[in-house]
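Some notes on the structure that comes next.
The values are calculated or read from the model by the stated rules, or taken from the named source; none is laboratory data. Predicted model only: the values in this text are computed from it and were never measured. Note: ideal-geometry Cβ built from the backbone for every residue, glycine included; neighbour counts use all protein chains shown. These accessible areas exclude ligands, DNA and RNA; they are computed on the full protein's heavy atoms, side chains included. Shrake-Rupley method; radii C 1.70, N 1.55, O 1.52, S 1.80 Å.
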Amino acid sequence: AKSRGKDRAQLYMHEFTLALESKLSLEQHIDNAIETNDFTVFFQPIVNCQDNQIVSVESLIRWSHPELGMIPPDRFIPVAEASGKIIKIGKWVLRKACEEFMAWQKRNIQLDYIAVNLSPMQFKDVSLLDDIQDILSATGLAPNNLVLEITEGVLVRNDSITKNTLLKLKALGIRLAIDDFGTGYSSLAYLKYFDVDILKIDRSFIKDIPDDSVDIQITGAIISMAKNLNLHVVAEGVETTDQLNFIQDNHCNTYQGYLKSPAISSADFVALFQTD
Ligand code: C2E
Ligand code: CA
Ligand code: CA
Ligand code: CA
């Protein structure tokens, strides 16, 4: 099934490329997709390692194109970044995510936070902070229910604009997570300079546990370092009970992965939460 998924992904890529070479530019495709509701946001539960209950959630964009079918985010996010369109998409995802969280709250679905991915490109947008504040006040989401996921690349850059933006986000009460931890440039020094709250261990370290002894050491060390720095730890891509047992034994706080659930629609998330 895995290799069939890969073949299909390659097929999409081919068709996607052909579509982009045709009359419409990617920008037009993306504008159309926003207007015709071809983008949706899916939600992946974040689960407490100890009792396996859903405590938080990550927002993940989906593009279902009328002719090309499902276009995976790994395919169009990089193109959207290159064209600057990620700024518009990112705002749209953030608004949707906040709206859904508020709708869930009304149905008594209480979660610690909703996480939204922030592309490095969005940090170059001078209106980022204003836009985030506008979305929070328009939707009524409390800032401490929002987590923004950023990659190590953003922190390594260490320019004053990025630093200032991160400080202001923190001052609003928004929490920050380092996404795909361990895969970036990782001087680790940035942990000293930026006040992050959550560390997400990349799936590449989890996927070969318990067979790979190096991954076992690395994952154990990341969890213990994070704990000592008072950071909350999320393990990404947990698919097996062996993997869950390992991170449980190492006192990891939470996990995401197919073992619990893939990213699902808002309606499916509500149903899963209520039967959990
Ligand atoms: P990510 O932020 O690291 O998200 C985790 C990815 O791992 C998601 O893929 C998720 O569906 C997948 N995943 C979760 N659990 C498992 C598991 O147990 N096994 C496996 N094999 N995969 C698992 P997805 O949704 O295809 O997203 C891919 C990437 O696209 C994301 O990686 C993120 O970098 C980017 N992305 C998605 N949505 C957005 C968005 O709204 N904004 C931005 N800037 N990037 C986004
Ligand atoms: Ca993420
Ligand atoms: Ca990640
Ligand atoms: Ca990733």
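What pairs come out if I take residues in the stretch 255-276 that are without any contact (Cβ under 8 Å) to a residue 40 or more places away in the chain and closer than 24 Å to Asn245 by Cα and pair them with residues that are surrounded by 12 or more Cβ atoms within 10 Å (Cβ to Cβ) and charged (D, E, K, R) whose C-beta lies under 6 Å away, six or more apart or interchain? Correct list of pairs: Tyr258/Glu239; Leu259/Glu239.
Quick one: in the stretch 54-64, of everything that is open to solvent by 20 Å² or more (accessible area, probe 1.4 Å) and out of contact with any Asp or Glu (no Cβ under 8 Å at 6 or more places or on another chain), which residue is farthest from Leu244 (Cα to Cα)?
Per the criteria, the residue is Arg62.
Kindly indicate whether Gly153 is modelled with pLDDT under 90 and at positive phi. So Gly153 does not fit the description; no.
Taken over the stretch 146-157, the criterion of being of a type outside the set (Asp, Glu) and either part of a helix (DSSP H, G or I) or within 16 Å of ligand 4 (Cβ to nearest atom) (or both) is satisfied by Val147, Leu148, Ile150, Thr151, Gly153, Val154, Leu155, Val156, Arg157. Using beta carbons and a limit of 6 Å, which pairs, at least six apart or on different chains, have the first residue in the stretch 176-192 and over 22 Å from Asn144 (Cβ atoms) and the second one surrounded by fewer than 17 Cβ atoms within 10 Å (Cβ to Cβ) and at pLDDT 80 or above? If the second residue must be surrounded by fewer than 17 Cβ atoms within 10 Å (Cβ to Cβ) and at pLDDT 80 or above, the pairs left are Gly184/Gly153. The set of residues in the stretch 252-271 that are open to solvent by 50 Å² or more (accessible area, probe 1.4 Å) and in a loop (DSSP other than H, G, I, E, B) comprises Tyr258, Leu259, Pro262. Within the stretch 75-86, the residues that satisfy the criterion of being without any contact (Cβ under 8 Å) to a residue 40 or more places away in the chain and of a type outside the set (Gly, Ala, Ser) are Pro78, Ile86.
Whether a residue is more than 14 Å from ligand 2 (Cβ to nearest atom) and touching a residue at least 24 places away in the same chain (Cβ under 8 Å) was assessed, and Gly237 does not pass this test. Total residues in the stretch 247-256 satisfying the condition of being within 16 Å of ligand 4 (Cβ to nearest atom) and closer than 21 Å to Ser213 by Cβ: the figure is 1.
Each residue in the stretch 44-53 was checked for being open to solvent by less than 10 Å² (accessible area, probe 1.4 Å) and within 18 Å of Val270 (Cβ to Cβ), and 3 pass. Please indicate, with yes or no, whether at least one residue in the stretch 194-208 is aromatic (Phe, Trp, Tyr) and modelled with pLDDT under 95. Yes, the stretch 194-208 contains a residue that is aromatic (Phe, Trp, Tyr) and modelled with pLDDT under 95.
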